[in-house]
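Worksheet for the structure shown next.
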Amino acid sequence: MKKRILTGDRTTGRLHLGHYVGSLKNRVLLQDDYETFIILADIQAMTTHFENPALISDSILQVAIDNLSVGLNPEKTCLFRQSMIPSIAELTVFYSMLTSVNSLRHNPTIKTEMKQYGYKDISYGFLGYPVSQTADITFLNADLVPVGEDQVPHLEVARKIVRRFNQMYAGGEALIKVPEPLLSDVPRLIGLDGNTKMGKSLGNAIYLSDDTETLKQKVMKAYTDPNRIHKTDKGNPEQCAVGIYHQVFQSREGATFAEGCKQGTVGCVACKKHLVDTLDELLEPIREKRAFYEAHTSLVYDIIASGNDRANVIGNQTISNIKHAIFSNR
Ligand code: TRP
């Protein structure tokens, strides 16, 4: 039997190249060897964007299209919506008893996001989203969770909860599987502005849906080695967003550009133009698929609806097993 994978995205906007190298690319490769489930995390989206339901519902469609246009095949992969799976909400409540508030407060990703969004106080739902994410992963007993580096602390939360649950209610048996993270070879992509992370809310992202002109404008403004003022100055491609992207996206002549930068023989403008071409080549087939799905949105909604049905069959069984374990069916 194939092992099962679950991963997904918050529906708070379209996906970008950071998602692509950190997770999407991996999903496409894995879908042949694993039973793959992709969650459109619309409830988790509410933890930071509850005041903007219109953005969340638009993003459900857009994020689904992002996933389909990078090459996830709906015949192989189950794409579903978090808010349509009641067993996730139920499991979240049970798991919340097994999680301490302090451990959530100390979660490094929660802390980073609190800073990023400027939160002084946080909602109960935001603090607890790693618990709800544990339910996302375990309602279908996923073995592996392909994610970027920032999600590893959440996987730790999940592993801890599952172990406690099994200990407490299943006599130590693996009633629920303890999930493992699966990191891509590029777990985090820096932003165009040199920020350590490309982020939807940081304004430093190249979106999978960006057209050539937008791509060009963004790359031409990208952060480069600040100590390199003239073309003849010897540059440091490892400290330059453009240099790093050349390496990550493995442009054919990327190494030549890096060498020229180090020697002071190739200028930043030429280097950026080459990056535009490399990324354009990567994005073009993705844009083509996107155009198809954008012209057939009812097909996308149908894919999600059948994904919900399939996920619910599994979720209903899980929740029944879990209640049986806790209450011995009384
Ligand atoms: N937290 C993830 C993100 O911000 C999205 C997500 C929700 C997720 N549920 C998940 C990822 C379950 C992996 C597994 O991108």
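Derivation of every value follows stated rules applied to the coordinates shown; laboratory data play no part. Owing to the predicted nature of the structure, the values given are computational and were not obtained by experimental measurement. Here the Cβ is made from the backbone with ideal geometry for all residues, glycine too, and neighbour counts use every protein chain on show.
Some values worked out for this structure:
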| item | result |
| --- | --- |
| Helix axis angle, 86-96 relative to the chain longest principal axis, alpha carbon, degrees | 80 |
| Residues in region 49-83 reached by a label modelled at A291 [backbone nitrogen below 16 Å; 7 Å Cα→Cβ] | 69-70 |
| Within straight-line cross-link reach of K3, lysines at Cα separation under 18 Å, skipping those fewer than 8 residues along the same chain | K76, K177 |
| Whole-angstrom gap from region 220-274 to region 54-79, using each part's C-alpha centre | 34 |
| Gyration tensor verdict on region 58-168 (Cα atoms; rounded if a/c is under 1.5, prolate if a/b is larger than b/c, oblate otherwise) | oblate |
| Efficiency of FRET from Cβ geometry, V152 and V93, R₀ 30 Å, rounded to 0.05 | 0.75 |
| Across K234/K289; K25/K272; K221/K262, pairs whose alpha-carbon gap is larger than 32 Å | K234/K289 |
| Cut-off 17 Å (backbone N to label point 7 Å along Cα→Cβ of V313), residues of region 48-91 | 74-81, 85-87 |
| Angle between the chain longest axis and helix 129-138 axis [Cα atoms, degrees, rounded to 10] | 70 |
| For the chain, with +1 on Lys and Arg beta carbons and -1 on Asp and Glu, the positive-most of V219, S96, G22 along the dipole | S96 |
| Proportion of all alpha-carbon pairs of region 225-274 beyond 17 Å (%) | 18 |
| Test item: Cα-centred dipole of the chain, Lys/Arg +1 and Asp/Glu -1 on Cβ, debye | 800 |
| Listed residues I39, Q62, T318: farthest to the positive end of the dipole of the chain (Cβ charges) | T318 |
| Principal axis dimensions, region 145-187 - Cα atoms, whole angstrom, descending | 39, 13, 8 |
| Tilt relative to the chain, helix 254-263 - C-alpha long axis, 0 to 90 degrees, to 10 | 50 |
| Stretchable slack from N227 to S306, in nm (0.36 nm times residue separation minus alpha-carbon distance) | 23.0 nm |
| Shape metrics for region 1-70, restricted to C-alpha atoms - Rg then Dmax, Å | 12.8, 43 |
| Globularity ratio of region 183-270, using Cα Rg and 2.2 N^0.38 Å | 1.09 |
| Choice from R159, R252, R81 with maximal GNM fluctuation in the chain (Cα, 10 Å cutoff) | R252 |
| Rounded FRET efficiency, nearest 0.05, which uses the C-beta distance separating E259 from V178 and R0 of 41 Å | 0.35 |
| Normalised alpha carbon radius of gyration of the chain [divisor 2.2 N^0.38 Å] | 1.08 |
